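Undergrad: Quick one: the structure is below, questions incoming.
The values are calculated or read from the model by the stated rules, or taken from the named source; none is laboratory data. All of these numbers come straight from a predicted model, not from anything done at the bench. Ideal geometry is used to build each Cβ from the backbone, glycine not excepted, and the neighbour counts take in all protein chains shown.
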Amino acid sequence: MLKVGKRHFYHKHKIYGILIFLLALNLIVYKSVKSENVYFKFTAINPSKEKEQTLMVKKYLPDEVKPSDIVSLGELKLEYDTSKSRYYLYKEEVSLKPKEIRTFEVEVLDVWLVPEEELLGLKKQTDRTLDHLIDTSYGVRAKEIAETIYARLDKIRVSQNDDELSRELHIGLYRENLIVVDKVKEDIFKMEKLLVKAGGPNAPEMLEDKKVISDSPSKNMAWIVIFSIIVFSVLLSGVLFFAWHSQVKITKDTLMAAKKSSFPG
């Protein structure tokens, strides 16, 4: 187990008219050898040799933990801090006898892993793009970028599955790996831009068996659609104009006939 921090909590509470003293609360994070879950262990200590003390236990969970990730809360309750946008664990009153130590344990899923599906997807996207660039003038540059991508993806996979790391390092590495993944995506985008310059398809993730699969209309088709819309608009305008002109003529003739019948001679 790795001791990663100490927090002091103050809680105003009266017991027989006496204010409660400061109690120490330690956080221990470890991973069970029997499962892939992570355990957060909170240890509350009453340092007094003579007085019983009461405190409120409160500890914030890492940003990545959501209620659906919690396997067991033990004696603690879960609440959300809107001001910090984080969940925290708490127990309102914990009574401790002199020199007593109480331990609270919370089990959560190990959410500090970049999904293997995402790593494989990024590698596959890199493979396809490189495959279309390798025989072009940008082939050497594309290969250099691809090799750095492969190395980073392998490093992520190895680091996040290293059981020798403490859970604190495991969480820290996960956050660093997310940054690495973003950089990998940027480099894949650079390769795709090279592919466009080389005259190849600009959506390698849509390729299958080296054929372009696309639901987008071609440039010629787009112009045909635009021209058809223009012609239709002109014809519709003409029909409406003639309809209006005919209606005006009919109205005029009707008025003239009504005038003649009302004022003959």
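Undergrad: Name the pairs: first residue in the stretch 187-200 and at pLDDT below 85, second residue part of a helix (DSSP H, G or I) and not aromatic (Phe, Trp, Tyr), Cβ to Cβ under 8 Å, at least 6 apart or on different chains?
TA: From the stretch 187-200, the pairs are Ala198/His132; Ala198/Leu133; Gly200/His132; Gly200/Leu133.
Undergrad: Among the residues of the stretch 208-259, which ones are charged (D, E, K, R) and at pLDDT 65 or above?
TA: Residues of the stretch 208-259 that are charged (D, E, K, R), as a first pass: 208-211, 215, 219, 249, 252-253, 259.
Residues satisfying the conditions are Lys249, Lys252, Asp253.
Undergrad: From (1) in contact (Cβ under 8 Å) with a residue 12 or more places away in the chain; (2) surrounded by 13 or more Cβ atoms within 10 Å (Cβ to Cβ); (3) more than 15 Å from Ile179 (Cα to Cα), pick out the condition that doesn't hold for Ser137.
TA: Every condition holds for Ser137 apart from (2).
Undergrad: Quick check on this structure: which one of Asp135, Asp182, Asp154, Asp127 is assigned to a helix (DSSP H, G or I) and farther than 30 Å from Ser68 by Cα?
TA: None of the other options fit; the residue is Asp127.
Undergrad: Here's a follow-up. Quick check on Ser166: is it closer than 26 Å to Ala44 by Cβ, over 23 Å from the mean Cα position of the chain (by Cα) and in the same structural domain as Leu195 (by TED's automatic domain parsing)? Quick ask: steps written out before the conclusion?
TA: On the way: closer than 26 Å to Ala44 by Cβ: yes; over 23 Å from the mean Cα position of the chain (by Cα): yes; in the same structural domain as Leu195 (by TED's automatic domain parsing): yes.
So Ser166 passes the test.
Undergrad: Given the criterion under 20 Å from the mean Cα position of the chain (by Cα) and not charged (D, E, K, R), identify the matching residue among Val111, Val106, Val140.
TA: Details: Val106 fails: under 20 Å from the mean Cα position of the chain (by Cα); Val140 fails: under 20 Å from the mean Cα position of the chain (by Cα).
Criteria check complete, one pass: Val111.
The rows are residues; the columns are (1) within 30 Å of Gly199 (Cα to Cα); (2) at pLDDT below 95.
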position: Phe42; (1), (2): no, yes
position: Tyr88; (1), (2): no, yes
position: Leu122; (1), (2): yes, no
position: His132; (1), (2): yes, yes
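Undergrad: A further question on this structure: Out of (1) of a type outside the set (A, V, I, L, M, F, W, C); (2) touching a residue at least 24 places away in the same chain (Cβ under 8 Å); (3) within 21 Å of Arg152 (Cβ to Cβ), what's the single condition that is false for Glu52?
TA: Evaluating Glu52 over (1) of a type outside the set (A, V, I, L, M, F, W, C); (2) touching a residue at least 24 places away in the same chain (Cβ under 8 Å); (3) within 21 Å of Arg152 (Cβ to Cβ) leaves (3) as the failure.
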